[in-house]
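Colleague: Before we start, here is the structure in question, set down as structure tokens.
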Amino acid sequence: MYSFIGTVVSVFRFGGRAGIALLWMGMMAMVSGGAQPVNAARQSFASQTVSVLTVPAGATISLGSDSLTVTGSLVIGAGATLTSDAGGQLYFQGDSVTNDGVLAVQSVYLYQPNRPLYVSGAGRWSGALMEVWNSTDVTLQSSMTWAYPFITLNGNDAHISLGDNTLRFDAVNLTVYGAASSVRASGGQLALTGRSSLEAIEGSLISAPVGVVSGISDLSVMDASTFADVTVASGAQMLILPGTFLTMTGNLQMDGSLTGSGPFYFKGSQWAGAGQSNVGQLTMDAPAALTGAGGLTVSNGLTLNANLAVTDGARLTFNPAAAITGAGEVVGAVTRMGPFALNTPYALNSPAMQVIFTGGTLPSELHASLQRTLPQGIDTAAALPRTMQISAVGGTDALARLQLPYQKSELGAINENLLTAAQLDPMTAKWTIYPAQVNAASSWVQVDAGAHWAGAWGLATGWYAAQPPRFFAFLPQVRR
């Protein structure tokens with residue numbers, strides 16, 4: 001039964017159709033286009049269809065536990081409320097909804113195939129369930145807040161189009177599924193408050209930027225979801241739930257925290273911010289930069305299908321079980337946590353950049369850096385443009401063998417079979433050459449460095465000084 005609070009109900013007819021006028025404080029709200037006679041005594045339109053529903057400013061209308069279909073427009077004035085009991089349902093199949101009050105019907109279904117369904121007003125949407133059906137494009141014409149706990153884009157080619165507006169989700173669980181369905185924007189964004197979850201599955205996409213605002217605000221990612229840009233503010237959390245396959249095609253601004261086992265496929269160009277990220281399985285599918293004062297810790301594995309640059313004080317840490325695979329490299333600094341074992345390869349900036357401990361007391365953690373720069377002071381015609389730095393916490397008497405990689409593109413005219421490795425003496429600024437084994441097929445040089453494995457390393461065919469320009473000075477020979 002629909003109830004009208006603060007109204008006087010009168011029945012009239014126009015155009016051969018039934019209607020009802022709701023007189024409230026001198027204003028008139030109109031429900032027009034009813035398909036069945038109005039039962040004014042019961043104040044009810046059970047399973048009625050109308051073309052227009054207007055709730056005047058300050059009024060409250062309850063659908064009770066009945067259902068109502070609107071085929072034209074719905075207008076909720078400032079301070080007005082359209083609500084219902086637990087079983088109430090609103091089926092909207094019209095062209096526009098203007099909500100400057102509160103739309104709190106328990107279940108709302110939006111369906112307007114093959115043309116936009118325009119939504120406007122600064123009011124709040126809050127009930128139990130909202131669904132956008134197939135071939136419907138809900139197009140925002142202003143910023144607004146939706147607080148339905150469950151919102152579903154249900155079926156193929158269903159969309160929420162934000163334009164340049166902000167759609168705020170307050171504790172919303174959003175599911176987008178069906179081929180070509182999406183939440184999209186052209187300048188606007190999704191802004192999340194409360195504990196919200198998003199999933200985009202079965203070929204759908206959340207391409208609108210997602211912002212998790214400050215405060216106690218969580219974004220939970222479920223199933224095999226695809227997002228574009230995501231921003232997590234300070235104090236907010238992003239949770240990748242177990243079993244989730246998350247793909248991100250845009251950039252991540254992480255000033256809060258990110259936790260998840262993955263797999264997480266990152267295809268953006270920038271992972272920035274001051275927050276901490278803890279990911280189980282991460283794949284970098286495009287060249288990217290990890291920047292800012294934040295940290296990224298990988299627990300199980302990192303796949304480098306492209307290069308990752310670590311800059312601006314960012315920290316990339318591998319837990320003991322984290323494997324590194326792929327053809328890319330981390331350019332910049334990394335940390336690998338112990339414990340370590342003898343005769344076990346531990347990858348650092350790439351799968352091929354390894355430390356293998358052969359004896360002594362082992363360190364508790366390793367630090368490494370790869371820079372695409374020539375070894376200090378060495379002739380450019382003989383050296384590869386890469387310097388690799390390795391250090392440790394503890395393990396001062398550890399013995400190790402090193403595997404130092406290179407790229408074929410760095411060789412130029414250099415004969416890779418003649419490459420040798422050398423370590424820089426920071427006190428004398430000279431290089432000590434070590435016997436090395438070259439694996440040209442896999443593009444690495446292996447060095448038995450013994451107790452002298454920590455330090456800066458370079459690769460060259462001749463360790464000749466670049467200065468002065470008119471003669472060459474031989475640097476120290478093979479270390480005995």
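Colleague: Taking the Cα centre of segment 81-186 as origin, sum charge times position over the Cβ atoms of Lys and Arg (+1) and Asp and Glu (-1), and report the length of that vector in debye to the nearest 20.
Modeller: 100 debye
Colleague: Which of GLY462, ALA327, VAL355 sits farthest toward the positive end of the charge dipole of segment 312-468, with +1 on the Cβ of Lys and Arg and -1 on the Cβ of Asp and Glu?
Modeller: ALA327
Colleague: Got the relative contact order for segment 194-328 handy, in percent, Cα pairs under 8 Å and 6 or more residues apart?
Modeller: Answer for segment 194-328 is 15 percent.
Colleague: If you plug each phi of segment 410-424 into the Karplus form 6.51 cos²θ - 1.76 cosθ + 1.60 with θ = phi - 60°, what whole-Hz ³J(HN,Hα) values come out, in order, with x for Gly and Pro?
Modeller: Ordered by residue, 3J(HN,Hα) equals 8, 6, x, 8, 6, 7, 5, 5, 9, 5, 10, 10, 9, 10, 7 Hz.
Colleague: With charges only on Cβ, +1 for K and R and -1 for D and E, what is the dipole size of segment 144-246 about its Cα centre, in debye, rounded to 20?
Modeller: Using Cβ point charges on Lys, Arg, Asp and Glu, segment 144-246 gives about 160 debye.
Colleague: Against the 2.2 N^0.38 Å scaling, with N counting residues, where does segment 352-451 land? I'd like the Cα-based Rg ratio to two decimal places.
Modeller: Working: Rg = 13.9 Å, N = 100, 2.2 N^0.38 = 12.7 Å.
Ratio of Rg to 2.2 N^0.38 Å for segment 352-451: 1.09.
Colleague: Starting from the amide H of THR83, placed 1.01 Å from N in the peptide plane, find each other amide H under 5 Å away whose residue is 5 or more places distant or on another chain.
Modeller: ILE61, SER62, LEU63, ALA104
Colleague: Please report, in whole Å, how far the alpha carbons of segment 325-410 spread along each principal axis, starting with the longest.
Modeller: Computed over segment 325-410, the largest-to-smallest principal extents equal 39, 29, 20 Å.
Colleague: A further question follows. Please give the charge dipole size of segment 390-457, origin at the Cα centre, charges +1 on K and R Cβ atoms and -1 on D and E Cβ atoms. Round to the nearest 20 debye. Provide the component values of the computation, followed by the final result.
Modeller: Values: 3 positive and 5 negative charges, 14 e Å.
It works out to roughly 60 debye.
Only the coordinates and a few stated rules stand behind these numbers; no lab work does. All of these numbers come straight from a predicted model, not from anything done at the bench. Note: ideal-geometry Cβ built from the backbone for every residue, glycine included; neighbour counts use all protein chains shown.
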